[in-house]
1. Tell me yes or no: at least one residue of region 20-40 is in contact with a His (Cβ under 6 Å, 6 or more places away or on another chain) and more than 13 Å from Val3 (Cα to Cα).
2. Need pairs with beta-carbon distance below 6 Å; first residue of a type in the set (Gly, Ala, Ser) and within region 71-84, second at pLDDT 90 or above and assigned to a loop (DSSP other than H, G, I, E, B); sequence gap 6+ or separate chains.
3. If you scan region 42-51, which residues turn out to be out of contact with any Phe, Trp or Tyr (no Cβ under 8 Å at 6 or more places or on another chain) and surrounded by 13 or more Cβ atoms within 10 Å (Cβ to Cβ)?
4. Would you check which residues across region 62-78 are over 17 Å from Gly16 (Cβ atoms) and in contact with a strand residue (DSSP E or B) (Cβ under 7 Å, 6 or more places away or on another chain) and list them?
5. Out of the residues in region 5-37 that are over 13 Å from Thr76 (Cβ atoms), exposed (fewer than 15 other Cβ atoms within 10 Å of the Cβ) and aliphatic (A, V, I, L, M), state the one that is modelled with the lowest pLDDT.
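The values are calculated or read from the model by the stated rules, or taken from the named source; none is laboratory data. Keep in mind the model is a prediction, meaning the values are calculated, not measured. Using ideal geometry, Cβ is built from the backbone for each residue, glycine included, and neighbour counts are taken over all protein chains shown.
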Amino acid sequence: MEVSMISPGRGSINGGTIVTVSGEGFDATAYCRFGSVITTITTIVSSSRLLCLSPPHAAASVVSLELSQNDGVDWTSLTRQYLYYGIDVLICAC
């Protein structure tokens, strides 16, 4: 299993952002971990794409987004970074 990209790479500390994870080798046992929090809602779209719902986070920070397919024994070695931003931050792609 390999992760090549996540999108979006950021979301609110309130959680609830649907994050698309692209890569290869995904199966129905995959789930995501944002920092130390394992998500319980993961949708497998295909063997190369899945969706994870970001959980709430206590403060604005950057955490690793990792995947496991064996009950958390092993996690992807090439982690991707996910930015939690506070609700008072406005992000503009102007």
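1. Step one: of region 20-40, the residues in contact with a His (Cβ under 6 Å, 6 or more places away or on another chain) are none.
No, region 20-40 contains no residue that is in contact with a His (Cβ under 6 Å, 6 or more places away or on another chain) and more than 13 Å from Val3 (Cα to Cα).
2. As it stands, the answer is none, since no pair meets every condition given.
3. If we filter region 42-51 for residues that are out of contact with any Phe, Trp or Tyr (no Cβ under 8 Å at 6 or more places or on another chain), which is where we start, we get 43, 45, 51.
Leu51, the sole residue that qualifies.
4. First, the residues of region 62-78 that are over 17 Å from Gly16 (Cβ atoms): 62, 64, 66-78.
Within region 62-78, Val62, Ser64, Glu66, Leu67, Ser68, Gly72, Asp74, Trp75, Thr76, Leu78 qualify.
5. Restricting to residues being over 13 Å from Thr76 (Cβ atoms), exposed (fewer than 15 other Cβ atoms within 10 Å of the Cβ) and aliphatic (A, V, I, L, M), the top hit is Ala28.
Okay, residues lined up against (1) of a type in the set (A, V, I, L, M); (2) farther than 15 Å from Arg80 by Cβ; (3) free of Cβ contacts under 8 Å to residues at least 60 places away in the same chain:
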position	(1), (2), (3)
Asn14	no, yes, no
Gly23	no, no, yes
Phe26	no, no, yes
Arg33	no, no, yes
Ile38	yes, yes, yes
Ile41	yes, yes, yes
Val45	yes, yes, yes
Leu53	yes, yes, yes
